[in-house]
Amino acid sequence: MEKDIDRTGIRLGMWLFLYSEIILFGGLFLLYAVYFHEYPKNFAEGGKALDRIIGSVNTVILLLSSFTVAASITAIRRRSKKLAIFLITFSILCGCLFLVNKYVEWGTKIHHDIFPNSATLQNGPPGTNIFFGLYYVITGLHGLHVIVGMTLLAVSLVFVINGRVNEDRFSMLENSGLYWHLVDMIWIFVFPLFYLVL
Amino acid sequence: MKQEERPEPDDPHVMGYGKLFAIIAALLVLTCITVAVSYVNLGFYNVPIALLIATAKSSLVLLFFMHMKYEGTAIKVSFLSTIAFLCIMISFTFWDVAFR
Amino acid sequence: MTKQQSFYETPSPPGLRGIWAWLLTRDHKRLALMYLWAILLWFSLAMVLGLLMRIELMWPGRTIMGPETYNAMFTLHGVIMIFLVVIPAIPAVFGNFFLPIQIGADDVFFPRLNLLSWYLYMLGGVFAIISLFSGKGFPDTGWTFYVPFSVSTNTNVSLTVSAAFILGMSSMLTGLNFITTVHRMRAKGMGWMQIPLFTWSLYATAWVQLLATPVIGITLILVILERLLSIGLFEPDKGGDPLLYQHLFWLYSHPAVYIMILPGMGVVSEIIPIFSRKSIFGYKAIVYSSLAIAIAGSLVWAHHMFTSGISDVSIFVFSLLTYLVAIPSAVKVFSWISTMYKGSIQMTPPLFLALAFIYLFSVGGLTGLLLGAAGTNVYVHDTQFVVSHFHFTMFGGTGFAFFAALHFWWPKMFGVMYNMKRAYIASILITIGFIFHFIPMMILGLMGMPRRYFDYLPQYATGNFLAGFGAFIIVAGVALMFTNLLLSFRVRQEAPADPWGGTTLEWTIPSPPPLHNFIATPEVKDFPYDFRQVSDHYNTMNPKEQE
């Protein structure tokens with residue numbers, strides 16, 4: 001009893017899920033907006049304390065991986081399975097690299113006694129505490145989404161290899177791709193908000 | 001009985017590699033610009049510029065990588081509604097925060 | 001129509017037997033029934049908690065419990081009623097069962113996701129129970145989990161908050177499923193203006209579920225993070241702003257009251273025309289007012305915070321916007337009343353409950369206006385008046401709509417008819433008990449009795465005693481109602497496919513429905529409430545109680 005696959009419907013469902021993700025981060029952006037309004041100076045100083053280079057590198061990494069994911073769908077639809085496998089693997093590796101960078105970045109900050117409830121932040125100006133509080137929450141939640149995205153891509157990769165994702169049925173890959181792009185899109189906003197303020 | 005055949009633009013559009021290359025190039029250029037601008041101190045204007053560039057970048061991702069350009073009205077309208085709701089969330093909170 | 005096997009005999013996916021045919025099912029009808037039993041259980045539990053609180057309040061001073069227990073009681077009552085009963089009640093039970101049928105589909109779009117939603121719902125419930133018996137006991141924060149108390153109290157807040165988060169996920173995924181189903185699975189010929197009003201109301205609700213629920217998700221995550229890491233995002237001495245918690249909380253929780261009431265309005269919009277034997281008045285007006293409520297309801301959240309210290313400008317703006325929501329609600333009430341005007345009204349238990357809904361919900365709505373006005377709000381804020389107001393909307397509104405839906409669709413879901421007489425007695429008992437319970441509370445509130453206290457001054461004694469008396473009547477009525485419904489399985493008076501003479505698609509199929517809902521391709525009418533095509537049998541005479 002094979003049913004026709006309603007790809008548009010599956011995609012609609014995925015988009016609806018993505019909306020909820022957007023609003024989830026939206027709550028945090030709301031906090032950011034209000035606190036930025038309250039403590040513009042501390043936020044600017046906090047932004048300068050973050051490593052702009054690592055931030056930019058991570059942006060480029062995510063953009064590239066987004067590109068390869070988009071290209072992998074084209075590859076699958078044009079029946080070049082090998083290319084698709086390569087592109088998805090590349091994307092997953094990009095995700096790993098992103099997380100490694102994040103790890104190094106957080107590590108350095110924590111080493112300098114900047115983490116939630118640390119003495120430096122407790123005794124420093126309240127705006128700075130809020131800036132780094134938000135920094136950890138937002139990038140942390142984003143990092144979690146990167147991990148979920150990588151998992152989805154990995155599952156898609158397995159499906160591509162064993163042929164369950166092919167030129168006729170590729171909703172799994174397409175939806176994982178959509179998720180990955182969303183993670184990228186959120187980073188596109190997180191990057192200027194934290195690394196480039198003023 | 002299953003799935004009514006409602007004519008729907010079920011995107012036959014496969015993004016060409018060339019087009020995807022063009023998009024990623026544009027995205028990288030925009031990233032360079034936004035980083036470069038951040039080194040110039042424009043005072044308050046740094047923020048809107050950075051956000052404007054971010055919006056442009058995410059629009060590119062959205063329209064082409066995520067195929068939004070080729071989706072039907074349902075997805076387009078609902079996406080815009082989501083963004084509208086997000087804007088309301090943030091802006092209406094400022095009725096309070098900005099006037100305290 | 002040939003005799004068909006009902007979905008009770010044909011498990012989906014096939015081959016499952018016994019309990020597994022239920023626990024692993026992807027059939028939207030079985031899932032709906034699983035939700036039903038769970039919700040009835042939770043409802044009974046929370047109702048007993050409410051009764052215990054009422055007993056405590058019947059006499060001044062300590063009666064049966066101390067202040068700490070009382071605080072945990074009202075939190076538990078609130079959390080269960082809101083997250084486990086009122087929000088999922090109508091969408092998860094009747095939405096799951098009838099939304100696909102009303103649009104002529106054989107299931108929801110993502111059946112497996114539907115099963116996942118049910119498991120998330122149960123998991124959330126299990127978390128709530130565990131938090132009751134582990135750690136330092138159930139939270140005493142109230143269901144709102146306001147900071148800073150929720151961050152500093154050493155009761156089991158984190159676990160309860162996780163429960164609420166999981167329940168939110170479940171509700172959101174149900175919404176996602178419904179939207180996709182309505183968009184993609186409507187039968188041939190069913191355009192947007194042929195969709196029955198119940199489904200329309202669920203569609204509007206689903207959007208609110210989808211877009212508002214993530215806000216509570218992130219808010220609850222932040223509470224947990226604050227408890228674990230004390231970041232200070234809501235703590236004034238660390239630069240945070242506790243009011244922002246309230247903003248985020250009500251950004252979800254105000255739209256959530258429309259998640260609760262919109263499906264109830266949908267149920268009433270189905271019941272009123274059928275028992276007036278008359279097409280619904282203002283179909284489009286009701287559709288658009290559903291959407292308008294969903295939209296306007298998202299713009300008014302800060303009216304819960306008038307006395308919290310928000311700016312005067314925002315009090316003005318949000319008070320004004322709050323009044324806007326009254327308009328679409330009034331449009332609906334007007335349409336229902338106009339539908340009944342000059343109809344040949346045929347009294348049945350569902351209609352009785354729907355009428356009680358209209359009356360009680362109107363009182364709830366009108367007292368809402370009093371609360372929405374900034375001036376009077378300052379006077380009655382945090383008094384029993386508020387508690388009474390939202391019970392009028394949530395219990396008098398959604399609760400009664402849920403009971404009405406139970407009686408309306410019971411014969412369709414189970415293929416058996418309940419005893420009408422007992423159903424009437426139960427409904428009347430609940431209504432009388434309700435009025436005895438909540439009108440005194442409203443007066444107490446105006447006299448100045450605050451909410452959330454286990455004791456009170458002597459001048460409030462009479463009102464509290466009466467309210468307690470009303471509570472007993474409600475519980476008796478509900479017990480009778482449930483017993484009566486359950487007895488219908490013993491008596492087994494078979495219900496026909498269309499006991500009421502309905503016009504929407506669910507009445508064209510056997511009771512209980514077959515596995516794939518429709519035996520033949522469903523025929524969609526140009527207008528879902530066209531009574532000319534229903535057989536004259538129903539239009540001219542009472543169906544003689546199916547005896």
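The values are calculated or read from the model by the stated rules, or taken from the named source; none is laboratory data. This structure is a prediction, so every number in the text was calculated from the model and none was measured. Cβ atoms come from the backbone with ideal geometry, glycine included; neighbour counts cover every protein chain shown.
On the given criteria, is A:Y39 farther than 27 Å from A:G95 by Cα, surrounded by 22 or more Cβ atoms within 10 Å (Cβ to Cβ) and facing another protein chain (nearest Cβ under 8 Å)? Don't jump to the end; show me each part of the working.
On the way: farther than 27 Å from A:G95 by Cα: yes; surrounded by 22 or more Cβ atoms within 10 Å (Cβ to Cβ): no; facing another protein chain (nearest Cβ under 8 Å): yes.
So A:Y39 fails the test.
Residues to consider are B:V29, B:V14, B:V37; find the one that is under 20 Å from A:L87 (Cα atoms) and either more than 9 Å from chain A (Cβ to nearest Cβ) or of a type outside the set (D, E, K, R) (or both).
That would be B:V14, the only listed residue that is under 20 Å from A:L87 (Cα atoms) and either more than 9 Å from chain A (Cβ to nearest Cβ) or of a type outside the set (D, E, K, R) (or both).
For the range C:21-122, which helices (runs of 4 or more DSSP H) that fit wholly inside it have 3 or more residues that are surrounded by fewer than 19 Cβ atoms within 10 Å (Cβ to Cβ)?
In the range C:21-122, the matching helices (runs of 4 or more DSSP H) lie at C:28-58, C:67-79.
For the range C:491-511, state whether one or more residues are at pLDDT below 95, surrounded by fewer than 17 Cβ atoms within 10 Å (Cβ to Cβ) and part of a helix (DSSP H, G or I).
Within the range C:491-511, one or more residues are at pLDDT below 95, surrounded by fewer than 17 Cβ atoms within 10 Å (Cβ to Cβ) and part of a helix (DSSP H, G or I).
Residues in the range C:447-467: is at least one touching a residue at least 40 places away in the same chain (Cβ under 8 Å), farther than 23 Å from C:M73 by Cβ and either touching a Leu at 6+ places or on another chain (Cβ under 8 Å) or among the hydroxyl-bearing types (S, T, Y) (or both)?
no
Taking the condition of being more than 17 Å from C:L515 (Cβ to Cβ), touching a residue at least 12 places away in the same chain (Cβ under 8 Å) and among the small types (G, A, S), how many residues in the range C:1-51 meet it?
4
Could you check the range C:108-137 and list, in sequence order, the residues that are on the phi > 0 side of the Ramachandran plot and in contact (Cβ under 8 Å) with a residue 40 or more places away in the chain?
Listed by number, the list holds a single entry, C:G137.
Which residues, taken from the range A:65-84, are under 15 Å from the mean Cα position of the chain (by Cα) and within 7 Å of chain B (Cβ to nearest Cβ)?
Correct list: A:S66, A:F67.
For the range B:48-82, what are the residues that are more than 25 Å from A:L64 (Cα to Cα) and at the interface with chain A (Cβ under 9 Å from one of its Cβ atoms)?
Those that are more than 25 Å from A:L64 (Cα to Cα) and at the interface with chain A (Cβ under 9 Å from one of its Cβ atoms): B:G72, B:A74, B:I75, B:S78, B:S81, B:T82.
Which of the helices (runs of 4 or more DSSP H) contained wholly in the range A:44-153 include at least 3 residues that are under 16 Å from A:I188 (Cβ atoms)?
Details: elements: A:52-77, A:81-111, A:119-123.
Per the criteria, A:52-77, A:81-111.
Only one of these is under 30 Å from C:M417 (Cα atoms) and part of a helix (DSSP H, G or I): C:S338, C:S298, C:S279. Name it.
Answer to the check: C:S338.
A:V34 - would you say it is modelled with pLDDT of 95 or more and surrounded by fewer than 16 Cβ atoms within 10 Å (Cβ to Cβ)? Step through it out loud before you land on a result.
Values: modelled with pLDDT of 95 or more: yes; surrounded by fewer than 16 Cβ atoms within 10 Å (Cβ to Cβ): no.
Against the criterion (modelled with pLDDT of 95 or more and surrounded by fewer than 16 Cβ atoms within 10 Å (Cβ to Cβ)), A:V34 does not qualify.
Here are some residues: A:V160, A:V155. Which one is in contact (Cβ under 8 Å) with a residue 24 or more places away in the chain and either over 22 Å from C:L233 (Cα atoms) or out of contact with any Ser or Thr (no Cβ under 8 Å at 6 or more places or on another chain) (or both)? Give the derivation first.
On the way: A:V155 fails: in contact (Cβ under 8 Å) with a residue 24 or more places away in the chain.
Only one candidate qualifies: A:V160.
Pairs under 6 Å by beta carbon, first residue within 8 Å of another protein chain (Cβ to nearest Cβ) and within 18 Å of C:L244 (Cα to Cα) in the range A:131-142, partner surrounded by fewer than 24 Cβ atoms within 10 Å (Cβ to Cβ) and basic (K, R), six or more apart or different chains?
From the range A:131-142, no pairs qualify.
Of the residues C:S131, C:S152, which is over 20 Å from the mean Cα position of the chain (by Cα), among the polar types (S, T, N, Q) and surrounded by fewer than 17 Cβ atoms within 10 Å (Cβ to Cβ)?
On the way: C:S131 fails: surrounded by fewer than 17 Cβ atoms within 10 Å (Cβ to Cβ).
None of the others qualify; the one that does is C:S152.
Of all residues in the range A:155-198, which are among the basic types (K, R) and more than 14 Å from chain B (Cβ to nearest Cβ)?
Matches in the range A:155-198: A:R164 only.
Please specify each residue of the range C:166-206 satisfying the condition of being among the hydrophobic types (A, V, I, L, M, F, W, C) and more than 11 Å from chain A (Cβ to nearest Cβ).
Hits for the range C:166-206 are C:I166, C:L167, C:A187, C:M190, C:W192, C:M193, C:I195, C:L197, C:F198, C:W200, C:L202, C:A204.
Evaluate the range A:111-128: report whether one residue or more is away from chain C (no Cβ under 14 Å), among the acidic types (D, E), within 30 Å of A:G47 (Cβ to Cβ) and surrounded by fewer than 23 Cβ atoms within 10 Å (Cβ to Cβ).
Step one: filter the range A:111-128 for residues away from chain C (no Cβ under 14 Å), giving A:111-113.
So of that shortlist, the ones also among the acidic types (D, E) come out as A:113.
Filter once more, keeping what is within 30 Å of A:G47 (Cβ to Cβ): A:113.
Narrowing further to those that are surrounded by fewer than 23 Cβ atoms within 10 Å (Cβ to Cβ): A:113.
Yes: one or more hits.
Identify the residue in the range C:287-320 that is crowded, with 22+ Cβ neighbours inside 10 Å and without any contact (Cβ under 8 Å) to a residue 24 or more places away in the chain and, among all such residues, is nearest to the other protein chains (Cβ to nearest Cβ).
Going through the qualifying residues, I end up with C:S314.
Per-residue answers, yes or no, for (1) within 14 Å of another protein chain (Cβ to nearest Cβ); (2) in contact with a Phe, Trp or Tyr (Cβ under 9 Å, 6 or more places away or on another chain):
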{"position": "C:M47", "(1), (2)": "no, no"}
{"position": "C:G66", "(1), (2)": "no, yes"}
{"position": "C:A72", "(1), (2)": "no, yes"}
{"position": "C:P111", "(1), (2)": "yes, no"}
{"position": "C:N114", "(1), (2)": "yes, no"}
